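> What follows is a structure written as structure tokens; I'll ask about it next.
Throughout, read-outs are computed from the coordinates displayed, never taken from laboratory work. This structure is a prediction, so every number in the text was calculated from the model and none was measured. Don't worry about glycine lacking a Cβ; one is built from the backbone with ideal geometry, like all the others, and counts go over all protein chains shown.
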Amino acid sequence: MTRIFAAAIVFVFAALLVAPTSATAQPKNGKEKTTAKNGAKNGQKNGPKNGKNAAPRANGGQLGTFGDWEAYRDAREGFCYAGSKPVKQEGRYTQRGDAFVLVTHRPKEKSFDVVSFDAGYAYKDGSEVSVTIGPQSFTLFGQGEQAWARDGNGDAQLVKAMRAGATLVVKGTSSRGTPTADTYSLKGVAAALDAINKACPR
């Protein structure tokens, strides 16, 4: 089992516990309370070597590594997810936390294919987050350090585009007004999604 994301494990579990389901995801008002940390310099390529890009680990079994993605099933909490980290990060920042993308199934809540992006910093209050996959563009809302589609239809469109795409670019603005652009490889995402579909079926 890889250890690339060991530092992000605690935060990931907290994020998944408060994550909105595809049916209830809505932006909320209020100040962002998390600050960036342990980041990288402008334009740093932050992907792992040898094409490996693991997901944060869950309590339970790793379903497999698929290209630049990994899939996990958390038997204790009853959910599955596929995830990856950026292969490239751009922005004029000096500090930043871990960034990653997750696609989560929570069968107990009848919630599937919920896409979330963690920026590693607090988004600017009220700002939108853009995702580009090939010729397709999507607008998400930022809440704290995370970005979500507004409803299940948005999640479904994102997942469909991810399966067919090669790279994904997510752009956001921090609470300090710093724009960033993270590039994710989509190599292996289809197989990772198939794995969580099998482990956490509808």
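> Hey, got a sec? Which trypsin sites (Lys or Arg not before Pro) in the stretch 105-197 land in a DSSP loop and have at most 12 other Cβ atoms within 10 Å? Don't skip to the end; give the middle numbers.
Details: sites: 108, 110, 124, 150, 160, 163, 171, 176, 187; in loops: 110, 124, 150, 176, 187.
Taking the stretch 105-197 and a limit of 12 other Cβ atoms within 10 Å, the loop trypsin sites (Lys or Arg not before Pro) found are 110, 176.
> Using the Kirkwood radius built from alpha carbon pairs, what does the Stokes-Einstein equation give as D for the stretch 49-202 at 4 °C and 1.567 mPa s, in µm² per second? It would help to have the intermediate numbers written out before the result.
Details: Rh = 15.5 Å.
It diffuses with D of about 83 µm²/s by this estimate.
> Could you pull out every one of the aspartates and glutamates with an alpha carbon less than 19 Å from that of residue 171, ignoring same-chain neighbours closer than 8 positions?
The qualifying aspartates and glutamates are 32, 90, 98, 118, 125, 128, 145, 155, 182.
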